[in-house]
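Structure first, then comments.
Taken together, the values in this text are just the output of simple stated rules run on the coordinates, not laboratory data. Computed from a predicted model, the values in this text were never measured in an experiment. Cβ atoms come from the backbone with ideal geometry, glycine included; neighbour counts cover every protein chain shown.
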Amino acid sequence: MPARTLVIIAHPDLSGASRVNRRWAAELDRFPDEFDVRDLYALYPDGVLDEAAVAAERAALEEHDLIVFQFPVYWYSAPALLRTWTDEVYGFGWAYGGEQAAPGEPGRKLAGKRFAVAMCTGDIEANYRAEGTVGFTPSEVIIPFRATANYVGASCEPEPFTLFGTEGDLSDGELERSASSYISWLRAL
């Protein structure tokens, strides 16, 4: 029986440059009975999802009711492979295109699922406000995820788990607290 939550990690250098996402992934690994983890860049280092890969990703999605997308914010979006993954996996006749079908039937395989986003950003929290330099809140930054969930009949948590200031002086203690908070947030979903 799969863990109750599928976490899809999209970081192009999880084992190297990623301090935050690597730590969060390590924390997830401590609880394999609760979290199934798919590291997209490790699975698809060439950035290509062939027919077998798409089938594997769809099978993983079908096994879980809660799907969490974990990534660093790149230009107010997710890393490129997550977009490629979405384009390939959420195909017509599987994720959408069967509006009259019941959840789980062809064209509605994601209907009734719950999505959430966990992200880290190099910028500080004060800038993720209407009056900040970003001009948008984290909830607004993930609107494409929320809109996609709506379109395929799923729901998306309106507030992402967010760690700010990761390019600044994030202390080891702050990183550890974020990993613990991340697990608590996931369990509360």
Here the range 124-141 yields Karplus 3J(HN,Hα) values (6.51, -1.76, 1.60; θ = phi - 60°; whole Hz; Gly and Pro given as x) of 7, 4, 4, 7, 8, 9, 4, 8, x, 5, 6, x, 9, 7, x, 4, 6, 4
When the Debye formula is applied to the Cα atoms of the chain, each taken as the same point scatterer, what base-10 log of I(q)/I(0) results at q = 0.10, 0.14, 0.15, 0.19 Å⁻¹?
-0.40, -0.79, -0.90, -1.42
Rounded to the nearest 5, what % of DSSP beta bridges with both residues in the chain are antiparallel?
5
Dividing the helical contributions, -39500 (n - 2.57) per DSSP H run of n ≥ 4, by the residues of the chain yields a 222 nm value, nearest 500 deg cm²/dmol, of -10000 deg cm²/dmol
Charge dipole of the chain built from unit charges on the beta carbon (Lys, Arg +1; Asp, Glu -1), centred at mean Cα; most positive-end Cα among Phe145, Pro12, Asn127 is Phe145
Starting with the highest mean, order 46-55, 105-114 by the number of other Cβ atoms within 10 Å, averaged over the residues of each peptide.
105-114, 46-55
Given contacts defined as C-alpha pairs under 8 Å and at least six residues apart, what's the relative contact order of the range 93-189, whole-number percent?
28
What percent does the relative contact order of the chain come to when contacts are Cα pairs within less than 8 Å and at least six residues apart?
21
Among the helices of the chain (complete DSSP H runs), which have Cα atoms covering no less than 15 Å along the helix axis and a Kyte-Doolittle mean of at least 0.0?
51-62
